[in-house]
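First comes the structure, then the notes that go with it.
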């Protein structure tokens, strides 16, 4: 069985190559592109991002990728969002006075409130677990509750529909660390920086039908 062709969407993000290397290690045939036609020819899509959501959203629009991504998602093609690639899926973001997202998911991206127990930004390793009473997502296969992954962010998503939450993390209070909606999975943490746990998640994404 040949490796799936996975397009990594180029939205002027600094972590493209590390994502590409991690996916290759997970068994994917990868390429980086900003060409809508190339997205259509791929078997699966990955939207990575780090930095400022406003810049990310503007670059996505400037490169004419919003409509193609919507079309590919609607077609049923598996899609993985990482960090800003998760945040941009929502309706609004608080950053820089307000940012319009893709609106593929209802909800807002809000800033952590700093406190003695919670430094902002949230940087480093933290544990993830599936919400209680929820079926575990296929991308969590062989990843136990309590596994550690790597975060770098000041903002987090608050979905309107809590049933889309696939993974939660406690950082001075519980927050949504990953979502699932049909063929779309997205995580706030960085699997490409999360060593064996992140590699397992990427491997699961590569292998899923």
Within segment 1-10, how many residues turn out to be surrounded by 15 or more Cβ atoms within 10 Å (Cβ to Cβ) and part of a loop (DSSP other than H, G, I, E, B)? 3
Within segment 11-24, count every residue that is touching a strand residue (DSSP E or B) at 6+ places or on another chain (Cβ under 7 Å), part of a loop (DSSP other than H, G, I, E, B) and surrounded by fewer than 16 Cβ atoms within 10 Å (Cβ to Cβ). 0
In this structure, is residue 141 in contact with a strand residue (DSSP E or B) (Cβ under 8 Å, 6 or more places away or on another chain) and surrounded by fewer than 16 Cβ atoms within 10 Å (Cβ to Cβ)? no
Let me spell it out: the conditions are (1) closer than 11 Å to residue 171 by Cβ; (2) in contact (Cβ under 8 Å) with a residue 60 or more places away in the chain, and residue 119 meets all of them except one. Which number is the exception? (2)
Complete set of residues in segment 25-40 that are over 19 Å from residue 2 (Cβ atoms) and part of a loop (DSSP other than H, G, I, E, B): 34, 35
Residue hits (segment 41-65; farther than 20 Å from residue 183 by Cα, in contact (Cβ under 8 Å) with a residue 12 or more places away in the chain and in a helix (DSSP H, G or I)) are 53, 54, 55, 56, 57, 59, 60
Could you check how many residues of segment 160-193 are assigned to a strand (DSSP E or B) and either free of Cβ contacts under 8 Å to residues at least 40 places away in the same chain or more than 14 Å from the chain's Cα centre (by Cα) (or both)? 8
Selected residue (only one of 200, 188, 208 is in contact with a helix residue (DSSP H, G or I) (Cβ under 9 Å, 6 or more places away or on another chain) and crowded, with 22+ Cβ neighbours inside 10 Å): 188
Being part of a strand (DSSP E or B), under 30 Å from residue 3 (Cα atoms) and either under 17 Å from the mean Cα position of the chain (by Cα) or at pLDDT below 95 (or both) narrows it down to one residue among 197, 149; which is it? 149
Looking at segment 53-86, which of its residues are out of contact with any helix residue (DSSP H, G or I) (no Cβ under 9 Å at 6 or more places or on another chain), at pLDDT 95 or above and farther than 16 Å from residue 105 by Cβ? 76
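The values are calculated or read from the model by the stated rules, or taken from the named source; none is laboratory data. Since this is a predicted model, take the numbers as computed values, not measurements. Every residue, glycine among them, receives a Cβ derived from its backbone with ideal geometry; neighbour counts consider all protein chains shown.
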